[in-house]
Amino acid sequence: MDDIMLCPSCGNKLPKESSFCPYCMTKFTPEAQIDNKPKKSSKPVKIIIAAAVVTVVAAVAVAVLFAPDKASQPNSTSPPESASQTGTTSVRENGSDALPPAVPELHDSAFGFMSGGSDDEASLFYKSSFVTASHSSLVASESAYKGAKIKFDCVVLKADGDIAFVEYGATRGFDGIYNSTSDYAAVKMSGVSAGDSLTVYGVFIGVENYVIGGKNESLPTFELFSCTDFVYYGVPSPVFSEEDISAAARRIFGDSITVKKSVRSDFSDPVTADILVDGGLYYTAVTEHGNYCIYAGENSFIMDCTSTAEKEKYVLPAVNTDNIYTYTFDNETKKFTLACLDKSFSTLWTREFKNSLDAVFDYTSDCFYVIADSNLYVLDVSTGENAVSPKYVGSRCGILKVEDGFILISDKNTDTVSKTDMSGNIIWSTSLSGDISDSYATAQTLASGYLVSFENYTALVTDEGKVAFEYSEK
């Protein structure tokens, strides 16, 4: 692979002749590259690959369209009344390269995880799943996508007060290569400058009208959840800042902790360390109960640093109490174990599920909902006992608690999405035709239905079980 080099600091793969590493932020001369072959991770890392690089010709016309008109600048753009932003905003201030994040206000449900979290109790780190959507699908299916959490890359064309006009899907990497799309959108955000290349995590609020350069433009518009500098094509970006991570860690472990970037010595197992430390999106909370690794990207989670490939151990905060949940996947015994601990980490109750390495769950302040060994369990969080009798629902790769029951997701094209009542009785099932095999699934509750997303495929299913639309990234 003559077109690839390795960073001399962290060892990640980079384009040949690079002089800067986006993973560890190290500058170097190309001659300083490492000669060793890149290491292969023992676990697959699922990332969204950016579009192929194209030329920058279209950017010239865009710059003219969005350039301020000095004669009519006060009236050249008429953005809608700004709304309050959620999450943390990491954007440039005064043109500097620094990205000073705001310290978030954390709610009772303060941390996200791999496959759980009820949308109606969502807060900063709770259910941090975002989907990708094409610009054309947002315009064509505006009402269906409203309220969806969307991730996209963009380049700022014009910043006007509390709103930024961007080229949706466009990128400019640290190598200076510009990938243009000629698709435009608006993001309710401040502190950015024209030319900034960003990865945005936002909530789609609809297609809104603006006056730009004397012309009426209808643009997909987003409320900002968080954003970060776009780094490089295919490189995962953080959803949460170090301040966010620290605040969430204090919420779980108390104030007497230290939070720092993860290093290999934080972990008991060298294989786990190799998998998690590379990429720069992992932090370690050093606590009196041990070290815990916190992921700052999408579908954030917190893992016990004593985890191994044979036994993975995670931690969650309870909702509206100081209690803590731990859950463990034991690959040797094939068991999934869920436990509730108090603030001092004393065990209050434990449940064990056999043949359940594929267990998925969701939870609220009252109950914990687990699909294990093809059965749905509804557990009383105060005792860990069954609140209703277990119900057979088949193998599932996702569960979402909704107001009147559950949305269950499978990785099969038959009966892919099902809705049940609170006892697990099937109300309806629908099949999806996309590429969903062996794929991690997430779901969002929207006014239009349920937005179900797999690695390369998204579908909206209405509350009646009808497929409103399907979108494939391939």
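Which residues, counting only those in segment 403-417, are charged (D, E, K, R) and either closer than 11 Å to Y450 by Cα or under 25 Å from the mean Cα position of the chain (by Cα) (or both)? Explain how you work it out, then say what you get.
Taking segment 403-417 and keeping what is charged (D, E, K, R), we get 403-404, 411-412, 415.
Scanning segment 403-417 gives E403, D411, K412.
Within segment 204-227, the set of residues being crowded, with 20+ Cβ neighbours inside 10 Å and either of a type in the set (S, T, N, Q) or at pLDDT 95 or above (or both) comprises F204, L219, P220, T221, F222, S226. Within segment 167-219, being assigned to a strand (DSSP E or B) and hydroxyl-bearing (S, T, Y) holds for Y168, T171, Y178, Y184, S197, T199, Y201, Y210, S218. Scanning segment 406-461 for residues that are in contact with a helix residue (DSSP H, G or I) (Cβ under 6 Å, 6 or more places away or on another chain) and either more than 23 Å from L138 (Cβ to Cβ) or not in a strand (DSSP E or B) (or both) yields one hit, S448.
Only one entry in E332, E310, E352 is surrounded by fewer than 18 Cβ atoms within 10 Å (Cβ to Cβ), acidic (D, E) and under 21 Å from L379 (Cβ atoms), namely E352. Going by the conditions given, is Y457 within 22 Å of the chain's Cα centre (by Cα), hydroxyl-bearing (S, T, Y) and at pLDDT 90 or above? Here the answer is no, as Y457 does not meet what is asked.
Scanning segment 270-303 for residues that are surrounded by 16 or more Cβ atoms within 10 Å (Cβ to Cβ) and acidic (D, E) gives D274, D278, E298.
Here is the figure for segment 355-373: residues that are touching a Phe, Trp or Tyr at 6+ places or on another chain (Cβ under 7 Å) and more than 19 Å from N331 (Cβ to Cβ) total 4. The condition of being at pLDDT 90 or above, part of a loop (DSSP other than H, G, I, E, B) and closer than 21 Å to S246 by Cβ holds for only one of S300, S256, that being S256. Of all residues in segment 369-401, those that are in contact with an Asp or Glu (Cβ under 8 Å, 6 or more places away or on another chain) and among the aliphatic types (A, V, I, L, M) total 5.
I'd like the residue in segment 258-268 that is surrounded by fewer than 17 Cβ atoms within 10 Å (Cβ to Cβ) and in contact (Cβ under 8 Å) with a residue 24 or more places away in the chain and, out of all such residues, is nearest to the chain's Cα centre (by Cα). Talk me through it step by step, then tell me what you get.
From segment 258-268, those surrounded by fewer than 17 Cβ atoms within 10 Å (Cβ to Cβ) are 258, 260-261, 263-265, 268; that's our starting set.
Checking the rest, the ones that are also in contact (Cβ under 8 Å) with a residue 24 or more places away in the chain come to 258, 260, 268.
Working: T258: 24, K260: 21, S268: 27 Å.
In this case the residue turns out to be K260.
For A248, the conditions (1) surrounded by fewer than 23 Cβ atoms within 10 Å (Cβ to Cβ); (2) in contact (Cβ under 8 Å) with a residue 40 or more places away in the chain; (3) assigned to a helix (DSSP H, G or I) are fulfilled apart from (1). In the set (1) crowded, with 20+ Cβ neighbours inside 10 Å; (2) more than 29 Å from C340 (Cβ to Cβ), V360 fails one condition alone, (2).
Within segment 270-284, the presence of a residue that is outside any strand (DSSP E or B) and either at pLDDT 90 or above or among the basic types (K, R) (or both) is excluded.
Being in the same structural domain as C397 (by TED's automatic domain parsing), in contact with a helix residue (DSSP H, G or I) (Cβ under 9 Å, 6 or more places away or on another chain) and either farther than 24 Å from Y392 by Cα or of a type in the set (D, E, K, R) (or both) is a condition met by no residue of segment 353-362. Against the list (1) closer than 15 Å to V131 by Cβ; (2) within 20 Å of the chain's Cα centre (by Cα); (3) among the β-branched types (V, I, T), the condition I399 fails is (1).
The values are calculated or read from the model by the stated rules, or taken from the named source; none is laboratory data. This structure is a prediction, so every number in the text was calculated from the model and none was measured. FYI the Cβ positions are ideal-geometry reconstructions off the backbone, even for glycines, and counts take in every protein chain you see.
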